[in-house]
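Read through the structure below, which is laid out as structure tokens, and then see the notes.
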Amino acid sequence: MEPLIITVAPVGAELSLDQTPHLAVTPAQLGAVAAKVQAAGAALIHVHCRNDDGSNTQDIERFRAAFAAIRAQSDLIVQFSTGGAIGMSPAERSAPLALHPEMATLTCGTINFGDEVFENSFPIMRHILAEMQRCGVTPELEIFDRGHLANAQFLARQGHLRLPQHVDFVLGVPGGLDASVENLVECVRALPPGCTWSVAGIGRMQLPLAVTAIAMGGHVRVGLEDNIYYSKGRLATNEELVARVVRVAAELGRPIATPDEARAILRLPGGVAPEAARHRS
Ligand code: KMH
Ligand code: ZN
């Protein structure tokens with residue numbers, strides 16, 4: 001079976017310091033998380049940044065410092081969020097792309113997000129895609145709802161997006177598609193040909209959907225952005241969530257992708273095909 005890419009989303013924009021002591025706020029803390037999650041088996045890190053007081057920021061200098069800290073301590077694929085936090089402008093959301101991360105997210109449509117609205121109109125998506133293209137950044141398509149795949153295909157037909165791409169199904173946001181095995185299977189069936197995929201289950205569905213994806217041959221996202229608990233009432237660290245997925249994958253006979261193997265699977269420059277990597281060692 002193809003090696004499993006484990007993405008970790010350690011920060012997000014919705015989590016606050018009074019919910020968990022494990023939230024990485026400073027660039028130095030993000031660098032330390034990167035080292036720990038790579039040691040645990042992650043290949044890709046999805047990055048949001050915070051100010052020292054925990055508030056959200058897309059400030060390019062904060063991202064520059066975070067990027068440097070992650071690079072100094074890991075060779076994880078670095079993927080910036082262009083979702084940022086609810087209410088940020090498209091220009092604010094896309095500003096860190098100027099640092100040329102290997103990847104960045106593109107949410108493929110507007111959804112209710114709890115009591116708020118996460119705005120991703122076609123003009124917003126076209127703006128972010130144009131910035132990604134200008135900066136040479138590979139998108140990961142974030143699919144929160146069933147219609148988002150059709151939006152991505154519409155953007156591709158208009159010439160704003162090349163397909164296939166890597167797709168992440170984020171299931172369980174209140175206002176988006178429920179986190180269920182049925183919905184995941186239905187989403188995977190509807191994927192445009194050639195796309196790779198991962199799943200990020202929200203809350204207590206993180207683990208069941210991760211296990212399902214491992215068995216289906218897809219990839220997995222875990223981390224505090226989506227789920228702060230290891231088990232009922234017990235707060236998790238990011239590296240524990242990664243380590244648990246590694247153990248489950250071992251039981252199911254699925255090898256874990258190194259960052260360079262993940263680069264090859266995701267068709268990023270610098271990748272080393274899993275077979276070639278194995279021959280080298
Ligand atoms: N914070 C959410 C509103 C992304 O990173 O691209 C959006 C989000 C998606 O987290
Ligand atoms: Zn995010």
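The values are calculated or read from the model by the stated rules, or taken from the named source; none is laboratory data. Computed from a predicted model, the values in this text were never measured in an experiment. Note: ideal-geometry Cβ built from the backbone for every residue, glycine included; neighbour counts use all protein chains shown. Keep in mind that these areas ignore ligands, DNA and RNA; they rest on the heavy atoms of the full protein, side chains included. Shrake-Rupley method; radii C 1.70, N 1.55, O 1.52, S 1.80 Å.
Of the residues that sit in the range 105-116 and are open to solvent by 30 Å² or more (accessible area, probe 1.4 Å) and either touching a residue at least 40 places away in the same chain (Cβ under 8 Å) or of a type in the set (Lys, Arg) (or both), which one is nearest to ligand 1 (Cβ to nearest atom)?
Among them, the one singled out is 113.
Among the residues of the range 1-21, count how many are free of Cβ contacts under 8 Å to residues at least 60 places away in the same chain and away from ligand 2 (no atom under 16 Å from the Cβ).
Qualifying residue count for the region: 2.
Taking strands (runs of 3 or more DSSP E) that fall entirely within the range 1-104, which contain at least 1 residues that are surrounded by fewer than 18 Cβ atoms within 10 Å (Cβ to Cβ) and at pLDDT 95 or above?
Because the criterion is at least 1 residues that are surrounded by fewer than 18 Cβ atoms within 10 Å (Cβ to Cβ) and at pLDDT 95 or above, no strands (runs of 3 or more DSSP E) in the range 1-104 meet it.
So that you can scan it fast, the table gives a plain yes or no per residue for (1) more than 16 Å from ligand 2 (Cβ to nearest atom); (2) within 25 Å of residue 15 (Cβ to Cβ):
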| site | (1), (2) |
| --- | --- |
| 97 | no, yes |
| 101 | no, yes |
| 115 | yes, yes |
| 118 | no, yes |
| 121 | yes, no |
| 126 | yes, no |
| 132 | no, no |
| 144 | no, yes |
